[in-house]
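Have a look at the structure below, then the notes.
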Amino acid sequence: MPILFLILKIFGWIALVILSWLIIVHPITKLVRRLTHLPDPTFIVCFINNPIRRKIHPPEKFIDHVDIHEGMKVMEMGPGTGFYTFEAARRAGLSGHVYAVDIKPAVIAILNRKIERAAAKNITTEVASAYEIPLPSENIDRVCMVHVLPEIPDKQKALGEIRRVLKKEGSLTLAEGLIDPDYRLRKTEIGWCRDAGFELVESHGSSFFYVLTFKVSQEDLMTKSYIS
């Protein structure tokens, strides 16, 4: 009986946290984001990096879709405090590298401390805007973003920068979940990416959490080759 009571108590606390997020934090964050067009505050980013999320959406599952191989260069845009970063780095290996780019210095400071504690040698952090990514052109094999693209006001400018740093055979993987205040429908994100010269190659998941993988469209590659 005490064990059953403890289990029920744990589930009760989990339910309370989820309800608090949906009823209080989610609407307030959504309203502030719509009015200010600013990124999520640091406390929200830290809040979502928790064991419950890790259980519901294991980072390994999303990184499977990113398709990272040993030796690859990966850019994670909006890594937060590293929920997916370390798994990406593990798969890239010491011969590969992960560039974690975030506009919020406070978030990068937290991630830097985690990197130092983990003694991770193949992760580099950058405080930078999605409009001015501090990486060379055609240098990255994989770009991944989770709950990030809808937060960016000028999506075409950001996607243009991502296209610039991607190798011709590289890919962009996006994920969105219904719990995010800036959630957009799958067809909306596909439209944004197509307008920026990407073509959809894979689509997984449901309306609650979906993953999309894109490559630069052949038409766009031909246009760039013709211009150059």
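For GLU138, are the conditions met, namely being surrounded by fewer than 21 Cβ atoms within 10 Å (Cβ to Cβ), in contact with a strand residue (DSSP E or B) (Cβ under 8 Å, 6 or more places away or on another chain) and at positive phi?
Spelling it out, GLU138 is indeed surrounded by fewer than 21 Cβ atoms within 10 Å (Cβ to Cβ), in contact with a strand residue (DSSP E or B) (Cβ under 8 Å, 6 or more places away or on another chain) and at positive phi.
How many residues does the stretch 103-115 hold that are polar (S, T, N, Q) and at pLDDT below 95?
0
Among the candidates SER137, SER129, which residue alone is within 18 Å of ASP182 (Cβ to Cβ), polar (S, T, N, Q) and either assigned by TED's automatic domain parsing to the domain that holds MET75 or assigned to a loop (DSSP other than H, G, I, E, B) (or both)?
Matching residue, one of SER137, SER129: SER129.
Tally up the residues in the stretch 171-198 that are over 14 Å from HIS147 (Cβ atoms) and in contact (Cβ under 8 Å) with a residue 60 or more places away in the chain, please.
1
Scan the stretch 107-123 and give yes if some residue there is surrounded by fewer than 18 Cβ atoms within 10 Å (Cβ to Cβ), in the same structural domain as ASP64 (by TED's automatic domain parsing), over 19 Å from PRO79 (Cα atoms) and more than 14 Å from the chain's Cα centre (by Cα), otherwise no.
Within the stretch 107-123, not a single residue is surrounded by fewer than 18 Cβ atoms within 10 Å (Cβ to Cβ), in the same structural domain as ASP64 (by TED's automatic domain parsing), over 19 Å from PRO79 (Cα atoms) and more than 14 Å from the chain's Cα centre (by Cα).
Yes or no: the stretch 116-124 includes at least one residue that is under 21 Å from GLU189 (Cβ atoms) and at pLDDT 95 or above.
There is no residue in the stretch 116-124 that is under 21 Å from GLU189 (Cβ atoms) and at pLDDT 95 or above.
Could you pull out the residue among ARG142, ARG194 that is assigned to a strand (DSSP E or B), at pLDDT 95 or above, closer than 17 Å to LYS215 by Cα and of a type in the set (Lys, Arg)?
Result of the check over ARG142, ARG194: ARG142.
Is it fair to say SER207 is small (Gly, Ala, Ser) and not in a loop (DSSP other than H, G, I, E, B)?
The answer is no for SER207.
Which one is surrounded by the most Cβ atoms within 10 Å (Cβ to Cβ) among residues in the stretch 153-167 that are modelled with pLDDT of 95 or more and not in a helix (DSSP H, G or I)?
Within the stretch 153-167, the match that is surrounded by the most Cβ atoms within 10 Å (Cβ to Cβ) is LEU166.
Quickly run through the stretch 64-91 and pick out the residues that are outside any loop (DSSP other than H, G, I, E, B) and surrounded by 23 or more Cβ atoms within 10 Å (Cβ to Cβ).
If the condition is that a residue be outside any loop (DSSP other than H, G, I, E, B) and surrounded by 23 or more Cβ atoms within 10 Å (Cβ to Cβ), then VAL66, VAL74, MET75, GLU76, MET77, THR85, ALA88, ALA89 are the ones that fit.
Does at least one position in the stretch 153-173 carry a residue that is among the polar types (S, T, N, Q) and in contact with a Cys (Cβ under 6 Å, 6 or more places away or on another chain)?
yes
Across the stretch 181-199, which residue is surrounded by the fewest Cβ atoms within 10 Å (Cβ to Cβ) among those that are touching a Pro at 6+ places or on another chain (Cβ under 9 Å) and among the acidic types (Asp, Glu)?
Among them, the one singled out is ASP182.
The values are calculated or read from the model by the stated rules, or taken from the named source; none is laboratory data. Note that the structure is a prediction, hence the values are computed from the model and not measured. Note that each Cβ is placed from the backbone with ideal geometry, even for glycine, and that neighbours are counted across all protein chains shown.
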